[in-house]
Amino acid sequence: MRRDNCQLAEYEAWFEGECNKLTLDPGLIIVGPFIDALGDPDSSPWDSDLAIIYLDGMYIRVGEYYRQLPKHDGGGGCLKYFKYHYGPCTDHRDCDGFPLFSEKYELRIDIDRRYGRHIHYMNQDHISEARLLGLDFDSIDPFEFIRAVEKHRKSSIPLHEILGFKVVPAK
Amino acid sequence: MIITRRRVVSVEDATTKLNALARRCGITNPHYEESEADSMSEFDALKWISLCSQRIALQEREYENSSRDFPAIIRSLYGHKPGAASMKLENTEEDHLSLAA
């Protein structure tokens, strides 16, 4: 379960603990994890970024942005936007080593400014939360996503079955 | 995995990173607003929003620091915001007329 309304140090400890619980095959390329303090050194807002590049040309990238809550609401960081992406990797890298983004995906779960809560799955873009049964945007975290992809890669069970959601056809 | 915690320490640093991102995304004359992320690809947009918020936070901190540096006597006379009490002086049509009279 991800951390909300927490301080940066708590988030960092949680993130590190979850990273260390992952059992990844040797030989993968890990980019990050980076946590960028965006305001004061130990408080919100902040962002985090991590990529796992597989040898077969696929990769995971998970990025989160935590906004600052008002002081009367605790003043901690609160998850505002995230992107959990799994898809084919491009050959080019940015200055941090992350693969340059391409629109190709197997699954991407997003909360963003423009479309709110949605996913990209099975060649359908911007499937809104209203068409998703069983996917809880309030509780999913980067590590649940990574573990689901790992399981999918090892078992070929579809990602929606592992993550327990169904896409309702558009009306 | 070892987490790397990074910090951008100045408005200039944040602006440089924003400019580089804007260049890569084909945005000329960026206004450093969240809405500019709408035309960017997924992770660039996320980074843009982070950096915009960082830039604002750093600007506020620099502003607070500069305000704190103002001597107490000046603050008591002119308020906490440096320069806030001084108005831009401009000649108006009315002023010219009254002077002429």
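The values are calculated or read from the model by the stated rules, or taken from the named source; none is laboratory data. None of these values were measured; they are calculated from a predicted model. Cβ coordinates were reconstructed from backbone atoms using ideal geometry, including for glycine residues, and neighbour counts include every protein chain displayed. With ligands, DNA and RNA removed, areas are computed over all heavy atoms of the protein, side chains included. Shrake-Rupley method; radii C 1.70, N 1.55, O 1.52, S 1.80 Å.
General observations
- Test: residue in region A:60-74 that is under 29 Å from A:Lys154 (Cα atoms) and free of Cβ contacts under 8 Å to residues at least 12 places away in the same chain: no
- Members of region B:14-58 found to be in contact (Cβ under 8 Å) with a residue 40 or more places away in the chain and either open to solvent by 30 Å² or more (accessible area, probe 1.4 Å) or more than 14 Å from the chain's Cα centre (by Cα) (or both), listed by number: B:Arg55
Quick grid of which residues meet (1) out of contact with any His (no Cβ under 8 Å at 6 or more places or on another chain); (2) among the small types (Gly, Ala, Ser); (3) modelled with pLDDT of 85 or more:
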residue: B:Ile3; (1), (2), (3): yes, no, no
residue: B:Val11; (1), (2), (3): yes, no, yes
residue: B:Asn19; (1), (2), (3): yes, no, yes
residue: B:Ser35; (1), (2), (3): yes, yes, yes
residue: B:Ser67; (1), (2), (3): no, yes, no
residue: B:His80; (1), (2), (3): yes, no, no
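- Some residue of region A:126-135 being in contact with a helix residue (DSSP H, G or I) (Cβ under 9 Å, 6 or more places away or on another chain) and in contact (Cβ under 8 Å) with a residue 40 or more places away in the chain: no
- Hits in region A:25-41 - residues which are open to solvent by less than 20 Å² (accessible area, probe 1.4 Å) and either farther than 16 Å from A:Glu64 by Cβ or within 7 Å of chain B (Cβ to nearest Cβ) (or both): A:Pro33, A:Ile35, A:Asp36, A:Ala37, A:Leu38, A:Gly39
- Residues in region A:92-112 include at least one that is among the aliphatic types (A, V, I, L, M) and either over 20 Å from A:Val168 (Cβ atoms) or at pLDDT below 90 (or both).
- Scan of region A:143-171 for residues that are part of a loop (DSSP other than H, G, I, E, B) and either aromatic (Phe, Trp, Tyr) or at positive phi (or both), ordered by number: A:Ser156, A:Gly164, A:Phe165
- Test: A:Glu64 is acidic (Asp, Glu), within 12 Å of chain B (Cβ to nearest Cβ) and open to solvent by less than 10 Å² (accessible area, probe 1.4 Å): yes
- Counting the residues of region A:67-92 that are open to solvent by less than 20 Å² (accessible area, probe 1.4 Å), within 11 Å of chain B (Cβ to nearest Cβ) and touching a Pro at 6+ places or on another chain (Cβ under 9 Å) gives 2.
- Tally of residues being away from chain B (no Cβ under 11 Å) and either aromatic (Phe, Trp, Tyr) or open to solvent by 70 Å² or more (accessible area, probe 1.4 Å) (or both) across region A:93-124: 7
- Residue satisfying all of: in region A:125-142; part of a strand (DSSP E or B) and not aliphatic (A, V, I, L, M); most open to solvent (accessible area, probe 1.4 Å) among these: A:Asp125
- Restricting attention to region A:1-13 and to residues that are assigned to a helix (DSSP H, G or I) and open to solvent by less than 30 Å² (accessible area, probe 1.4 Å), the residue that is farthest from A:Pro142 (Cα to Cα) turns out to be A:Leu8.
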